[in-house]
Amino acid sequence: MAPETVPIGLHSCAFLTDRNSAVLPEAMVRAPAMKRIQYHRYGGPEVMRLEDFDLAAPAVGEVAVKVRFAAVNPIDWKLRAGLMKIVTGKTFPRGMGMDLSGTVTAIGTGVTRFTVGDAVFGLARFKETGALGQAVLAKESALARKPDAVSFEDAACLGTPGATAWNGLVDRARLTAGQSVFINGCAGAVGEAAVQIARARGARIWGSCSADDLDRARRLGVEQAFDYRTTDLSRIGQRFDVVYDTAATMTTSQGLGLLRKDGVYLDLNPSPGKFIGALFNRRFKPIVCTPRAEILDALALTAQAGNLRLPIAQTVPLSEAIALITALEAGRKLRGKGLVAMD
């Protein structure tokens, strides 16, 4: 029998029975209001609000999570700006935030991978989001158990960057030991995840990043790291089995030009035209973040073994999250992830 689930943050009642067996309400108790960052229309940073909300009971295949930490990603403000409104629709208010870590508080019918009390990490539902709040609903398939050796802070950073790196290197490129990889943007979140996943799979890694990050890239395992501002990548001579443009700054011709004969170019800036082009060129593969249970479980094992960790540059409380998101959206650079603490 599936565990009973109840709405979180809704009214609850306690009852007394008198000597005549009449049922009398003792009190109508309102659960403490929960807060999240949400917006009531698509737009810029000015539409974000920190407001009270009620979390519905998890539906079939869903899990309710008390959020401990949420990581900020560019997808958060891109969704809020309405760039994906053909998918996200016109229902408001909408919560912000995709990547999270926390503790399971309720499960929906059919959920078998988790029980109440499990420590988890992963992604909120793409259409509804809402990780930048004290509680959120997520699909069972978009969560994994947090390894004991991995902190809640570190686990919150893994979801979108880790799944995106895995989608490209493993799902699409079928990367194997001994192959060579060039990662454009190797010091960004997806780039760092890609470097570590490629290294764990036995690949040789070259890459590009800013001059300030060259030493850090080499410490991660990048054999040859180039300053993207001063290097013409077409002139480096080496050719690769896989080129992954995690910075989304290369042209298709640049990416394809770095490939060996049977190599694969992974493009993290997809468009309808690029998807059509990929039908006619098997070496060109646009990438969209598509998390799955087996990917998140693999990321958990890799992190547990000490082979996957993204640096955290700044942690702020939920009350300061709007200011952090606004600054990052305006171009502020962090040498690591921006993290939001809910407690």
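The values are calculated or read from the model by the stated rules, or taken from the named source; none is laboratory data. Since this is a predicted model, take the numbers as computed values, not measurements. When we count neighbours, we look across all protein chains shown, and the Cβ atoms used for this are built from the backbone with ideal geometry, even at glycine.
Return the only residue of 16, 50 being outside any loop (DSSP other than H, G, I, E, B) and modelled with pLDDT of 95 or more.
Going through 16, 50 in turn, just one is outside any loop (DSSP other than H, G, I, E, B) and modelled with pLDDT of 95 or more: 50.
Can you tell which of 124, 200, 177 is of a type in the set (A, V, I, L, M, F, W, C), in contact with a Gly (Cβ under 6 Å, 6 or more places away or on another chain) and surrounded by fewer than 22 Cβ atoms within 10 Å (Cβ to Cβ)?
Exactly one residue qualifies, and that residue is 177.
Where the second residue is of a type outside the set (Ser, Thr, Tyr) and part of a helix (DSSP H, G or I) and the first is in the same structural domain as residue 229 (by TED's automatic domain parsing) and more than 16 Å from residue 230 (Cα to Cα) and lies in the range 198-215, which pairs have Cβ atoms under 7 Å and are six or more apart or on separate chains?
198/169; 205/195; 205/198; 205/199
Considering the range 268-284 alone, what residues qualify as being surrounded by 14 or more Cβ atoms within 10 Å (Cβ to Cβ), over 21 Å from residue 75 (Cα atoms) and modelled with pLDDT of 85 or more?
Across the range 268-284, the qualifying residues are 283, 284.
Say we look at the range 69-90 and pick out the residues that are in a strand (DSSP E or B) and aliphatic (A, V, I, L, M); which of these is surrounded by the most Cβ atoms within 10 Å (Cβ to Cβ)?
70
Kindly establish whether residue 263 is more than 20 Å from residue 192 (Cβ to Cβ), in the same structural domain as residue 171 (by TED's automatic domain parsing) and at pLDDT below 90.
no
Considering the range 162-174 alone, what residues qualify as being surrounded by 19 or more Cβ atoms within 10 Å (Cβ to Cβ) and under 19 Å from the mean Cα position of the chain (by Cα)?
162, 163, 164, 165, 166, 167, 168, 169
Of all residues in the range 220-268, which are assigned to a strand (DSSP E or B) and of a type in the set (S, T, N, Q)?
Answer for the range 220-268, where residues must be assigned to a strand (DSSP E or B) and of a type in the set (S, T, N, Q): just 224.
Looking at (1) assigned to a loop (DSSP other than H, G, I, E, B); (2) surrounded by fewer than 24 Cβ atoms within 10 Å (Cβ to Cβ), which one does residue 130 not meet, given that it meets all the others?
(2)
I need a count of the residues in the range 199-219 that are part of a helix (DSSP H, G or I), within 19 Å of residue 170 (Cβ to Cβ) and small (Gly, Ala, Ser).
Number satisfying all stated conditions: 1.
Identify, by number, the condition in (1) of a type in the set (S, T, N, Q); (2) surrounded by 12 or more Cβ atoms within 10 Å (Cβ to Cβ); (3) in contact with a Gly (Cβ under 6 Å, 6 or more places away or on another chain) that residue 234 doesn't meet.
Only one criterion in (1) of a type in the set (S, T, N, Q); (2) surrounded by 12 or more Cβ atoms within 10 Å (Cβ to Cβ); (3) in contact with a Gly (Cβ under 6 Å, 6 or more places away or on another chain) is unmet by residue 234, namely (2).
May I ask you to verify whether residue 66 is part of a loop (DSSP other than H, G, I, E, B), farther than 20 Å from residue 248 by Cα and assigned by TED's automatic domain parsing to the domain that holds residue 126?
Criteria not met by residue 66.
Applying the selection to the range 91-103, what residues are exposed (fewer than 13 other Cβ atoms within 10 Å of the Cβ) and either touching a residue at least 40 places away in the same chain (Cβ under 8 Å) or aromatic (Phe, Trp, Tyr) (or both)?
Scanning the range 91-103 gives a single hit, 92.
Give me a count of the residues in the range 269-304 that are free of Cβ contacts under 8 Å to residues at least 40 places away in the same chain and among the small types (Gly, Ala, Ser).
Of the residues in that region, 4 qualify.
Given the structure, is residue 334 assigned to a loop (DSSP other than H, G, I, E, B), within 27 Å of residue 205 (Cβ to Cβ), within 23 Å of the chain's Cα centre (by Cα) and outside the structural domain of residue 228 (by TED's automatic domain parsing)?
When the stated conditions are applied, residue 334 passes them.
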